[in-house]
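Novice: Okay, handing you the structure first.
The values are calculated or read from the model by the stated rules, or taken from the named source; none is laboratory data. What you are looking at is a predicted structure, and each value in this text was computed from that prediction instead of being measured. Note that each Cβ is placed from the backbone with ideal geometry, even for glycine, and that neighbours are counted across all protein chains shown. Just the protein is used for accessible areas: all its heavy atoms, side chains included, with ligands, DNA and RNA removed. Shrake-Rupley method; radii C 1.70, N 1.55, O 1.52, S 1.80 Å.
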Amino acid sequence: MTGRREVVDALEKLVIESAGSGNKHQRLIIGPRGSGKTHLLRVLYNRLVNAPALQEKLKIAYLCEDEYGVASFLDFVIRLFRAFLKWEGDSARYLAEEIDRLKKVPPADQEKIAKQVLLRHIEGKTLLIIAENIGNIFAGMGREGQAKLRDLVQQYPHFTLVASNQALFSDVQFEDRPFHN
């Protein structure tokens, strides 16, 4: 990780601050394919998940590198549940049942219930979402899904996001988009 230690150190400090205060940070890492973004995020994840001081303050949803096919805000929340299932083990097993239960709920109520389950799962801790290729995720969610995610982040001061993408994309560049800047 030659030359990247400073970047990981800075991201780690921002996440630690987010976990310990109401000041939540959002960061986007831009770099071409092969520049080490995946490795950088993995090192960050390993540092944070192994930091005893953060265990009571931080939950981490580390999404798959190729989290393609996200079709809506609801789908994004379910992907967060699956990330918890993958990385948290037995303490998150009940989320598989929650995903099945959501399939039986009327579509008009699914998002509301999914948000409630998410908030219950993070238990008031800071949720760090680590996502690669965030441009593809945002494109799949569309402007409406992004606006719902932005609303969630603003209504509940529990969310910090560290994401990567190969290039800047319109959903963070234009002023009329939910995640501008």
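Novice: Filter segment 134-164 down to residues that are open to solvent by less than 20 Å² (accessible area, probe 1.4 Å) and not in a helix (DSSP H, G or I), then give me how many there are.
Specialist: Qualifying residue count for the region: 5.
Novice: Identify, by number, the condition in (1) over 18 Å from Ile122 (Cβ atoms); (2) part of a helix (DSSP H, G or I) that Leu28 doesn't meet.
Specialist: (2)
Novice: Oh, and also: What residue, among those in segment 84-118 that are in contact (Cβ under 8 Å) with a residue 24 or more places away in the chain and either farther than 23 Å from Leu58 by Cα or touching a His at 6+ places or on another chain (Cβ under 8 Å) (or both), is most open to solvent (accessible area, probe 1.4 Å)?
Specialist: Glu111
Novice: What's the total number of residues in segment 22-50 that are charged (D, E, K, R) and closer than 15 Å to Val7 by Cβ?
Specialist: Selection size over segment 22-50: 4.
Novice: Among the residues of segment 93-117, which ones are of a type in the set (Lys, Arg) and closer than 20 Å to Met141 by Cα?
Specialist: Lys103, Lys112, Lys115
Novice: Within segment 35-56, count every residue that is over 14 Å from Glu12 (Cα atoms) and surrounded by 14 or more Cβ atoms within 10 Å (Cβ to Cβ).
Specialist: 4
Novice: Might you let me know whether segment 71-88 holds any residue that is closer than 28 Å to Leu28 by Cβ and not in a helix (DSSP H, G or I)?
Specialist: Yes, segment 71-88 contains at least one residue that is closer than 28 Å to Leu28 by Cβ and not in a helix (DSSP H, G or I).
Novice: Related question: When you check Tyr68 against the structure, is it surrounded by 17 or more Cβ atoms within 10 Å (Cβ to Cβ), touching a residue at least 40 places away in the same chain (Cβ under 8 Å), within 15 Å of Ser164 (Cβ to Cβ) and not charged (D, E, K, R), yes or no?
Specialist: In short, no.
Novice: Still on this structure: Condition first: touching a residue at least 60 places away in the same chain (Cβ under 8 Å) and polar (S, T, N, Q). Now tell me which residues in segment 1-60 satisfy that.
Specialist: Within segment 1-60, Ser18, Gln26, Thr38 meet the criteria.
Novice: Continuing with the same structure: What residue, among those in segment 119-131 that are in a helix (DSSP H, G or I) and not charged (D, E, K, R), is surrounded by the fewest Cβ atoms within 10 Å (Cβ to Cβ)?
Specialist: Here the answer is Leu119.
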